[in-house]
Amino acid sequence: MAEVELQFRDALQNYENKNYKKSLTLIDKILKKNSLHSQSYALKALIIHFYHPQSPDLKDPNLLISTPPNILSICNDLIKTSVKYGPSNSISAHLAALYYRQIKNYEMATHFYTIAYSNNPSNKGILRDLSSCLSQLRTYKSLIKTRFDYLQAEPGYRANYSSTSIAYYLNNDFNNSIKIENQIENIIKDKLIDEDLTENSECLIYKALLFFNLEKYDETLDYINNLLISNEKFKCYDITGLLELKFKTLMILEKFHDAQLTIRLLLKRNPLNVQYYYDLFNSLKIENNTSSKLIVLNKLSKFYPKVDIPKFLPLTFLNHNDEQFKSHLSNYLQDLFKRGVPSVFNNIKSLYNDSNKIPIILNIVKSFEEIEKNPLILTWIKYFLSHHFDKINQFDLAIDYINQSIEITPTLIELYMFKARILKHQNHLIEASKIMNDARLLDLQDRFVNSKTVKYYLRADLINEAIDVASLFTKNDDEPKGVKDLHIVQCRWFITEYSKSLTRLFKKSLNEFEVVLNNDHDDDSNEDSNITLIQKKVETYLGLALQRYFSIFQIYAEYYEDQFDFHFYAFRKGTLRSYLQMIDWEDNLYHESLVGEIYSDLMSLISFTKENNKLLLKALDHSLYLNKRSKKDKKDEIKWKDNMLIYNKVLDSDPLGNELINKLIKNNELDKIDELEKLINRCDGKTIKPETVYFINGQFNYDFINGKYVVALASIRKIKEISNSNSNSNESKIALKLLNEMLERINKFIETEFDDPKTKSLQKVVKLGLMRL
Amino acid sequence: MSTVPITLDSLTVNNLGVFNKITSPTEYPSSYLDKCRESGELCQYAYFSEVPVGVIVLDTIINKTPIALEISLIKVLKSYKLEFNVEKKLIQYALDLAPKRHLSSCIVQINSKDTQLINIFREMGFADDDIKKDIYCNVSSKGEDTILMTKSLT
């Protein structure tokens with residue numbers, strides 16, 4: 001036995017020194033002698049995970065795990081064997097935990113770290129990794145113990161106190177957090193060195209936050225005041241943070257005079273933060289007093305002459321009937337136009353929410369237009385008017401004005417960009433993209449207009465043009481075009497627009513296929529249309545669209561993964577508040593509006609494929625028309641496919657998404673979307689899925705895909721509420737559109753004839769539920 | 001109004017698209033634009049507070065040795081013409097450049113109907129010069145109705 005242990009130690013050392021090949025030979029030797037040696041199986045799994053020259057790593061962008069699936073399954077089997085022979089062996093459990101951490105399976109890693117630690121409590125290092133896994137999984141209850149145990153093992157570092165304190169914080173146990181903070185403060189009181197300056201500063205303000213969270217407001221205030229007047233070297237340096245917290249506390253304590261003084265200090269530090277102005281009104285108790293607010297802002301605008309906010313804010317609360325509104329607006333606009341600010345319209349766009357103010361704005365700007373002599377300023381005024389008419393949906397007038405401004409100054413990029421935007425609003429997408437490209441040609445180094453052009457091309461479904469333009473700014477080392485690079489740099493907007501465009505093209509091709517199919521039955525003269533090419537298009541566009549949607553979620557998975565190192569690193573750096581912010585951000589990650597949009601699109605697409613399953617399967621079946629195609633057809637098809645590969649290839653493992661189609665559409669294996677649904681519906685109760693139109697639509701489609709028609713009715717009710725709420729808002733317009741779509745589809749289900757009695761009774765229930773809505 | 005600063009700058013690969021917008025409706029082929037860009041200081045855009053509104057293209061006239069600097073193209077957007085001294089700034093640029101290149105005179109051929117521009121050239125010291133037409137033998141005549149104006153810089 002002793003010899004085996006020696007050999008194993010040797011193998012372990014070789015593994016740690018990355019001599020994988022040698023280590024593997026040693027392991028095989030051990031297993032030959034002693035086939036029950038559980039540690040060796042676990043170590044073998046770990047080695048093979050890193051070292052598998054026969055099957056090279058996957059190189060696809062945005063992959064969290066690059067190990068090929070066949071290797072993973074070998075490794076998993078080895079771990080299973082290891083567990084079988086040594087279920088409570090600390091070393092093999094530790095190795096298994098390391099393996100699972102590598103493949104980002106934190107549940108299993110936690111499981112094995114726990115086994116490893118409970119069988120060998122002297123190895124404290126395990127606790128650190130275990131804590132990271134627990135934090136990643138948000139299992140905060142167990143986190144306190146592991147953090148605390150590790151602190152007791154390693155009490156010499158402030159980081160360990162901080163991490164324990166945060167563990168209490170995450171469990172909302174602020175009292176214990178403060179206790180830990182006090183402990184370490186007492187210990188290090190006289191031993192701080194220069195390197196601790198920032199860490200100490202952050203810890204001090206973190207403690208203020210703890211008092212605040214405990215609702216001990218008087219104590220918070222005293223504490224902050226002491227920090228603010230401190231002359232010591234080791235004090236809190238985030239004055240803005242302290243003052244903001246002080247203001248909040250003072251407002252709760254209703255000490256308005258002090259609050260007002262505090263917010264003025266903050267304004268002095270940063271007069272560009274609009275929230276400070278609102279806070280100032282609140283502390284002065286003049287939120288509803290127009291004349292007082294005017295006086296205050298008037299003074300502030302003299303105090304901060306270069307700042308726009310105090311000049312602009314009166315326009316938001318002055319009544320349109322008020323003569324002051326008119327004069328104020330006139331002065332405000334004149335000043336901006338004179339200075340040649342191109343974005344005047346964006347400054348005052350929020351005023352358009354009040355429909356009474358709109359004609360006043362128009363009149364004033366028109367009066368400027370009549371007397372302006374300087375051609376450049378006149379250009380900007382006409383540009384403004386164009387925005388105005390675009391905003392109130394009078395697109396012809398908007399075009400008229402933008403053409404006038406282009407006539408005066410044809411060399412300004414902004415004018416063409418806005419013209420393209422009006423055309424887009426008129427739904428002239430191709431023309432819009434051409435104009436946007438004209439704008440781009442005026443300044444080839446402007447990446448903003450380059451990106452806009454790409455977006456407009458994608459909206460017009462001119463994918464190749466879009467990719468050509470986008471590739472001007474990407475690194476095109478591995479591929480001729482830049483799509484892969486845009487995935488590597490996690491360019492979400494591009495992939496989003498791209499997948500939407502692919503979805504439209506897919507639906508268009510499927511339509512085309514249906515038409516050809518119907519003609520085919522009527523007569524046999526189908527020579528003009530290359531049906532196999534259309535089939536290819538249906539397949540490729542669908543495959544790529546699916547793949548792109550999943551790519552975006554993959555990027556989000558990376559964002560989520562990125563936090564892992566910080567469960568350890570943040571405490572070493574002492575950035576506690578940033579750590580808490582990060583946790584918060586990660587918790588809400590899958591509730592970002594973009595996720596909602598993609599979720600809705602992806603689920604709609606999949607549910608569309610399910611509803612049109614018969615037609616789609618026919619389109620995906622290449623054997624149907626293979627004999628019919630001519631030589632030319634075949635040539636065209638190959639040429640088209642090669643071109644698609646040049647432009648669209650991102651993943652080497654599945655270049656055109658065919659595997660994805662096989663899985664999701666042909667074999668109906670929906671585990672991928674079930675996983676997504678789980679991520680979006682976080683079940684820890686900390687954050688709730690937002691009830692925006694897109695999330696509701698995604699949920700509806702997900703239920704629809706799974707045949708949960710009764711559950712889907714809940715989404716219909718929610719979307720109906722939104723569509724009724726505010727008829728003018730953009731969201732309610734989308735809601736109304738989605739509502740009609742949903743109703744149409746659910747009715748289609750009710751009206752379809754089924755033989756199955758179960759489905760028939762389901763139809764009845766859904767019908768009843770629908771009537772109650 | 002004349003206080004608006006006019007600045008000049010060379011063409012770059014990225015802003016060649018502006019050229020034809022200024023000279024519109026005349027369109028120049030991209031080979032011509034590339035040549036202009038490569039000529040460096042011989043071709044300049046004029047900026048009206050950072051917006052390009054004018055362009056000048058210069059050529060060296062060679063008769064065995066270089067003898068004159070020709071303003072082969074000068075164009076300012078309609079709305080920015082005359083009032084803002086863009087033309088003067090461009091012409092002055094040519095006049096300043098010629099001595100640096102050891103050229104003793106500056107010449108220009110203008111459409112005889114463009115009296116406004118002719119007046120500006122006169123203001124800047126150019127004079128009608130029918131006699132010298134032969135001297136600049138490789139000045140490709142820009143049509144019947146052009147006149148030649150010159151300014152000696154010695």
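Please tell me if residue A:578 is touching a Gly at 6+ places or on another chain (Cβ under 9 Å) and either on the phi > 0 side of the Ramachandran plot or assigned to a helix (DSSP H, G or I) (or both). Answer is no for this residue. The residues in region A:547-575 that are over 24 Å from residue A:653 (Cα atoms), charged (D, E, K, R) and assigned to a helix (DSSP H, G or I) can be counted, and the count is 2. Number of residues in region A:55-86 that are open to solvent by 20 Å² or more (accessible area, probe 1.4 Å) and among the β-branched types (Val, Ile, Thr) equals 4. With respect to the conditions (1) within 14 Å of chain A (Cβ to nearest Cβ); (2) touching a strand residue (DSSP E or B) at 6+ places or on another chain (Cβ under 6 Å), residue B:73 falls short on a single one, namely (1).
Does residue A:636 count as out of contact with any Phe, Trp or Tyr (no Cβ under 8 Å at 6 or more places or on another chain) and either part of a helix (DSSP H, G or I) or open to solvent by less than 10 Å² (accessible area, probe 1.4 Å) (or both)? So residue A:636 passes the test.
The rows are residues; the columns are (1) of a type in the set (Ser, Thr, Tyr); (2) at pLDDT 95 or above; (3) outside any helix (DSSP H, G or I).
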residue: A:146; (1), (2), (3): yes, yes, no
residue: A:155; (1), (2), (3): no, no, yes
residue: A:162; (1), (2), (3): yes, yes, no
residue: A:166; (1), (2), (3): no, yes, no
residue: A:190; (1), (2), (3): no, no, yes
residue: A:198; (1), (2), (3): yes, no, no
residue: A:211; (1), (2), (3): no, yes, no
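Return a yes/no flag: does region A:165-184 have any residue that is farther than 19 Å from residue A:134 by Cα, touching a Ser or Thr at 6+ places or on another chain (Cβ under 7 Å) and either buried (at least 16 other Cβ atoms within 10 Å of the Cβ) or aliphatic (A, V, I, L, M) (or both). Within region A:165-184, one or more residues are farther than 19 Å from residue A:134 by Cα, touching a Ser or Thr at 6+ places or on another chain (Cβ under 7 Å) and either buried (at least 16 other Cβ atoms within 10 Å of the Cβ) or aliphatic (A, V, I, L, M) (or both).
Checked against the criterion of being closer than 30 Å to residue B:55 by Cβ and either away from chain B (no Cβ under 14 Å) or out of contact with any strand residue (DSSP E or B) (no Cβ under 8 Å at 6 or more places or on another chain) (or both), region A:388-395 contains not a single residue that satisfies it.
Picking from residues in region A:347-382 that are touching a residue at least 40 places away in the same chain (Cβ under 8 Å) and under 26 Å from residue A:411 (Cα atoms), the one that is farthest from the other protein chains (Cβ to nearest Cβ) is A:349. Mind checking which pairs have a first residue in region A:678-689 that is open to solvent by 70 Å² or more (accessible area, probe 1.4 Å) and a second that is at pLDDT 70 or above and small (Gly, Ala, Ser), Cβ under 7 Å, 6 or more apart or different chains? Partner pairs satisfying both residue conditions: none exist. Restricting the first member to region A:412-430 and to residues that are more than 11 Å from chain B (Cβ to nearest Cβ), and the second to residues that are open to solvent by 50 Å² or more (accessible area, probe 1.4 Å) and assigned to a helix (DSSP H, G or I), the beta-carbon pairs closer than 7 Å and six or more apart or on different chains are A:417/A:452; A:423/A:431; A:424/A:459; A:429/A:459. One residue alone among A:677, A:691, A:637, A:669 is over 25 Å from the mean Cα position of the chain (by Cα) and within 30 Å of residue A:588 (Cα to Cα), and that residue is A:669. Sub-8 Å Cβ pairs linking a first residue in region A:462-478 that is hydrophobic (A, V, I, L, M, F, W, C) to a second residue that is in a helix (DSSP H, G or I) and open to solvent by 70 Å² or more (accessible area, probe 1.4 Å), at least 6 apart or interchain, are A:462/A:430; A:473/A:447, ordered by first then second residue.
The rows are residues; the columns are (1) out of contact with any Gly (no Cβ under 8 Å at 6 or more places or on another chain); (2) on the phi > 0 side of the Ramachandran plot; (3) open to solvent by less than 90 Å² (accessible area, probe 1.4 Å); (4) hydrophobic (A, V, I, L, M, F, W, C).
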position	(1), (2), (3), (4)
A:662	yes, no, yes, no
A:667	yes, no, no, no
A:676	yes, no, yes, yes
A:709	yes, no, yes, no
A:730	yes, no, no, no
A:758	yes, no, no, no
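Which residues, taken from region B:17-51, are part of a strand (DSSP E or B) and more than 26 Å from residue B:101 (Cα to Cα)? If the condition is that a residue be part of a strand (DSSP E or B) and more than 26 Å from residue B:101 (Cα to Cα), then B:48, B:51 are the ones that fit. Beta carbons closer than 8 Å, at least 6 apart along the sequence or on distinct chains, never pair a first residue in region B:33-58 that is at negative phi and more than 14 Å from every other protein chain (Cβ to nearest Cβ) with a second that is of a type in the set (S, T, N, Q) and part of a helix (DSSP H, G or I). Taking region A:614-633 as the range and being touching a residue at least 40 places away in the same chain (Cβ under 8 Å), surrounded by fewer than 14 Cβ atoms within 10 Å (Cβ to Cβ) and within 30 Å of residue A:696 (Cα to Cα) as the test, only A:617 passes.
Count of region A:111-142 residues, restricted to those that are in contact with a Ser or Thr (Cβ under 7 Å, 6 or more places away or on another chain) and assigned to a helix (DSSP H, G or I), is 9. Scanning region A:104-119 for residues that are closer than 25 Å to residue A:68 by Cβ, of a type in the set (A, V, I, L, M) and open to solvent by 20 Å² or more (accessible area, probe 1.4 Å) yields a single hit, A:108. When you check residue A:719 against the structure, is it of a type in the set (A, V, I, L, M, F, W, C), over 29 Å from the mean Cα position of the chain (by Cα) and surrounded by 17 or more Cβ atoms within 10 Å (Cβ to Cβ), yes or no? No: the conditions fail for residue A:719. Applying the condition of being over 27 Å from residue B:4 (Cα atoms) and among the small types (Gly, Ala, Ser) to region B:20-32 and asking which residue is nearest to the other protein chains (Cβ to nearest Cβ) yields B:30. Residues in region B:114-154 that are farther than 21 Å from residue B:64 by Cα, modelled with pLDDT under 75 and open to solvent by 90 Å² or more (accessible area, probe 1.4 Å): B:130, B:144. Pairs meeting the criteria (first residue in region A:58-86 and over 30 Å from residue A:484 (Cβ atoms), second residue hydroxyl-bearing (Ser, Thr, Tyr) and surrounded by fewer than 17 Cβ atoms within 10 Å (Cβ to Cβ), beta carbons under 9 Å, at least 6 apart or on different chains) are A:85/A:35.
Here residue A:448 fits the description: open to solvent by 30 Å² or more (accessible area, probe 1.4 Å) and within 14 Å of chain B (Cβ to nearest Cβ). Where residues in region A:398-411 are free of Cβ contacts under 8 Å to residues at least 24 places away in the same chain and not aliphatic (A, V, I, L, M), which of them is nearest to the other protein chains (Cβ to nearest Cβ)? This residue is A:410.
Residue A:137 - would you say it is crowded, with 18+ Cβ neighbours inside 10 Å and of a type in the set (A, V, I, L, M, F, W, C)? No; evaluated as a whole, the condition is false for this residue. The set of residues from region B:60-100 being assigned to a loop (DSSP other than H, G, I, E, B), farther than 17 Å from residue B:124 by Cβ and modelled with pLDDT under 90 comprises just one member, B:64.
The values are calculated or read from the model by the stated rules, or taken from the named source; none is laboratory data. These numbers were taken from a predicted model, which means no experiment stands behind them. When we count neighbours, we look across all protein chains shown, and the Cβ atoms used for this are built from the backbone with ideal geometry, even at glycine. Each accessible area value is taken on the protein alone, full model and side chains, heavy atoms only, with ligands, DNA and RNA left out. Shrake-Rupley method; radii C 1.70, N 1.55, O 1.52, S 1.80 Å.
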